[in-house]
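Chemist: Right, I'll just put the structure down here and ask away after.
The values are calculated or read from the model by the stated rules, or taken from the named source; none is laboratory data. Since this is a predicted model, take the numbers as computed values, not measurements. Using ideal geometry, Cβ is built from the backbone for each residue, glycine included, and neighbour counts are taken over all protein chains shown. For accessibility, only protein heavy atoms count, side chains too; no ligands or nucleic acids. Shrake-Rupley method; radii C 1.70, N 1.55, O 1.52, S 1.80 Å.
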Amino acid sequence: MNDLFRSELRRFRGVALLLAGLHLLGLLFVQRMHNLLQQTWFEALPLFALYLLLGLALALYQVGSYRKPSQWMWLMHRPLAPSRIFAALSVSALCLLALVILLPQWLLLFGAEAFTARVVDLRHVLAAVHSLAYAMMAWLIGCHAVLSRHRAAIAVLATPLLLAMHLVSVWWLLVPVSLMLAWLAVVALHSVRANRNEPLKRPLPLLLTALPLQLGVFVLLFKLGQAGFVTTGILLGTDPLNTEYPPQGGLIELSRLPPHEALGLGLAGSADPRADAWREQLPLLEVEAFGPYLQRYPQRHQLLNLPLPAAFIDEERSIVWTFSHDSMRFHGRDPRTGAARGEWGLAGAGDAQPFAEVPIAAPEGHLMTRDALFAIDDEAQRLQPLLRLPAGEWFTEIPQHAFGRLLVMTNQRLMAYRPDRAATQAHAPPVLDWQLELPRGIGRLDSVLLTQLMEGWLVSFVHGDGMRQIGFSQFAQVADPLQCTVFIDETGVATPLHERAVSRDYPLASQLAWWISPALHALSEWPDRALDKGLTTPLEVELWPNDRGIQLIALLLLAASALGAWLWLRGEPVPPGRRRFWLACCGLIGLPALVSLICLEPRRGAPSRP
């Protein structure tokens with residue numbers, strides 16, 4: 001084993017050293033133009049994709065070079081068990097990837113910590129470890145794909161993207177990353193066997209090998225179905241997003257209308273005698289459109305930054321204040337000289353009291369956390385508290401100034417604050433003008449339309465069709481879009497005016513992946529619900545959507561998959577236990593399980609992959 005391990009290191013050491021040097025130079029070059037330590041997840045995506053490709057390419061070349069029958073026979077007939085052969089290959093790959101990926105990142109972090117005043121946290125060190133882990137996952141998947149009898153095994157690559165790549169604390173992320181590494185290691189280990197074309201016999205390795213493939217097929221089927229549906233709609237000129245005039249009465253039409261027209265639709269059909277007069281006034285009024293657009297808050301020790309400001313600048317003193325997740329305070333740095341300029345705690349500059357949560361540097365000189373809003377007093381270098389929400393309530397949008405008010409939206413209420421004109425200090429807490437409980441909650445709220453009348457306020461809430469976009473992930477639920485309009489008088493008393501139904505623009509089956517495989521849909525979304533991602537609107541669990549059409553499609557597909565499995569295995573020399581396993585798997589998981597059966601259980605006379 002040691003000889004094989006050392007020979008693999010000697011085989012790739014020259015290329016690994018060259019790539020490590022190029023990687024370090026590239027990091028230093030980018031660091032000179034942009035602070036890599038404070039990059040957002042979107043900015044880091046190309047780098048993470050490069051690491052995945054490096055791991056995958058190494059597996060395809062390293063393990064693929066042994067794939068020829070003569071080379072494979074020579075490798076398998078060494079005086080080593082297949083498990084020890086796999087250990088030598090995988091550990092050598094881990095060392096090579098650590099040299100290329102981990103070492104340059106750690107050198108950059110060490111240099112930034114030792115020779116600059118930039119903020120270097122422990123999360124940056126562990127983020128480099130996670131990048132190595134993701135590259136190793138790609139290597140394990142590549143190893144399995146190269147040795148598998150079917151090329152579709154590369155679809156397993158979707159599994160770590162779904163289950164292990166999440167924007168959470170680097171400490172909590174160790175759990176799914178470790179589990180995924182162990183899972184993929186078992187899959188790749190059982191791919192290293194003398195007869196690669198022979199089906200797996202033991203039920204546990206078979207299940208662990210089939211499930212990642214099924215997850216990959218599940219994602220592929222849904223994305224291909226979505227792409228096909230949208231492409232067909234564009235070619236036929238029926239896609240709602242690609243027409244000059246979207247369907248009448250739908251969400252897309254409502255979102256494209258000028259705010260005063262959208263608010264006017266919310267008044268149409270109201271039985272209130274004042275509604276017609278208000279609709280005539282709307283073109284002359286300012287209508288503000290906003291909503292719960294703050295989807296998540298930064299978490300302590302988060303893998304990467306959210307696209308939210310994590311620093312603020314004191315231009316008068318030439319200080320950039322950057323937040324540290326280790327000390328939970330801001331650290332100052334002079335951008336001209338690079339010198340350290342002290343710390344900023346909960347009370348202001350020079351204060352050592354840490355923040356309880358990672359704050360956001362909001363516009364207009366504010367700092368905010370989930371439940372508190374502060375004003376930055378530049379002259380006194382202090383933080384002045386403005387708002388504090390009660391327990392169980394948090395902001396769902398950055399407070400905005402409009403109509404001479406401070407508009408605040410939380411997960412429970414919409415509030416308007418006016419300046420305290422009797423206050424003597426510059427950053428006095430505002431006074432509550434009026435508040436309104438959200439009529440249908442925050443769960444499916446898309447936007448809010450607001451305007452001020454002579455006798456009060458008009459507020460219209462637009463609730464969507466259950467689609468949520470969080471990063472690159474989409475989450476869909478069964479929901480009926482609607483628009484609720486409320487009038488608030490001068491005393492703050494709310495009167496519901498009208499509630500109207502809004503049409504769906506797309507059929508539910510094109511947005512909801514549940515019908516392809518209810519079981520895999522639940523598994524794919526489980527990490528997003530189990531891990532603390534700082535979501536302002538937690539994801540709701542919907543194991544059985546309340547739609548008869550979707551339920552019928554799902555049940556028919558499950559039945560058809562079970563029938564397909566029975567037909568595929570009929571007359572084949574498959575042991576009864578494995579036959580029952582596949583029938584149950586296809587009956588419970590559906591079409592992705594049937595595809596995995598076809599890949600992993602070849603029929604007699606089927607050509608083997610060379």
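Chemist: Taking segment 63-102 as the region of interest, how many residues are touching a helix residue (DSSP H, G or I) at 6+ places or on another chain (Cβ under 8 Å), more than 22 Å from V129 (Cα to Cα) and of a type outside the set (A, V, I, L, M, F, W, C)?
Modeler: 8
Chemist: Could you tell me which residue of segment 64-112 is nearest to F5 (Cα to Cα), considering only residues that are of a type in the set (G, A, S) and more than 38 Å from the chain's Cα centre (by Cα)? Step through it out loud before you land on a result.
Modeler: So in segment 64-112, the residues of a type in the set (G, A, S) come out as 64-65, 70, 81, 83, 87-88, 90, 92-93, 98, 111-112.
This time we only want the ones that are more than 38 Å from the chain's Cα centre (by Cα), so: 70, 81.
Working: S70: 20, A81: 14 Å.
For segment 64-112, the residue satisfying everything is A81.
Chemist: Here is a list: M467, M454. Which entry is open to solvent by 30 Å² or more (accessible area, probe 1.4 Å) and free of Cβ contacts under 8 Å to residues at least 24 places away in the same chain?
Modeler: It is M454.
Chemist: Taking the conditions exactly as written (over 30 Å from T243 (Cα atoms), modelled with pLDDT under 90, polar (S, T, N, Q) and not in a loop (DSSP other than H, G, I, E, B)), does T232 satisfy them or not?
Modeler: When the stated conditions are applied, T232 does not pass them.
Chemist: Quick one: would you say A426 is surrounded by 14 or more Cβ atoms within 10 Å (Cβ to Cβ), of a type outside the set (S, T, Y) and on the phi < 0 side of the Ramachandran plot?
Modeler: no
Chemist: So, one more: Pull out all pairs, ordered by first then second residue, where Cβ-Cβ is under 6 Å, the residues are six or more apart or on different chains, the first lies in segment 352-374 and is of a type in the set (A, V, I, L, M), and the second is part of a loop (DSSP other than H, G, I, E, B) and surrounded by 14 or more Cβ atoms within 10 Å (Cβ to Cβ).
Modeler: From segment 352-374, the pairs are A352/G345; V358/P298; V358/R300; I360/L308; A361/P309; A362/I398; L367/P359.
Chemist: Sort out which residues of segment 571-597 are modelled with pLDDT under 90 and farther than 13 Å from L206 by Cα, and write them in order of number.
Modeler: Residues satisfying the conditions are G571, E572, P573, V574, P575, P576.
Chemist: Can you list residue pairs whose Cβ atoms sit under 7 Å apart, with the first residue in segment 113-136 being more than 18 Å from L96 (Cα to Cα) and the second being open to solvent by 50 Å² or more (accessible area, probe 1.4 Å) and in a loop (DSSP other than H, G, I, E, B)? Count only pairs 6 or more apart in sequence or on different chains.
Modeler: Pairs that qualify, where the first residue is more than 18 Å from L96 (Cα to Cα) and the partner is open to solvent by 50 Å² or more (accessible area, probe 1.4 Å) and in a loop (DSSP other than H, G, I, E, B), are D121/D326; L122/D326.
Chemist: Also, I was wondering about something else. Is segment 298-306 home to any residue that is aliphatic (A, V, I, L, M), open to solvent by 20 Å² or more (accessible area, probe 1.4 Å) and in contact with a helix residue (DSSP H, G or I) (Cβ under 7 Å, 6 or more places away or on another chain)?
Modeler: There is at least one residue in segment 298-306 that is aliphatic (A, V, I, L, M), open to solvent by 20 Å² or more (accessible area, probe 1.4 Å) and in contact with a helix residue (DSSP H, G or I) (Cβ under 7 Å, 6 or more places away or on another chain).
Chemist: Here's another thing I want to ask about it. Can you tell me which residues in segment 470-514 are surrounded by fewer than 21 Cβ atoms within 10 Å (Cβ to Cβ), among the aromatic types (F, W, Y) and more than 27 Å from L557 (Cα to Cα)?
Modeler: Within segment 470-514, just F472 meets the criteria.
Chemist: From (1) surrounded by fewer than 20 Cβ atoms within 10 Å (Cβ to Cβ); (2) at pLDDT 90 or above, pick out the condition that doesn't hold for I360.
Modeler: (1)
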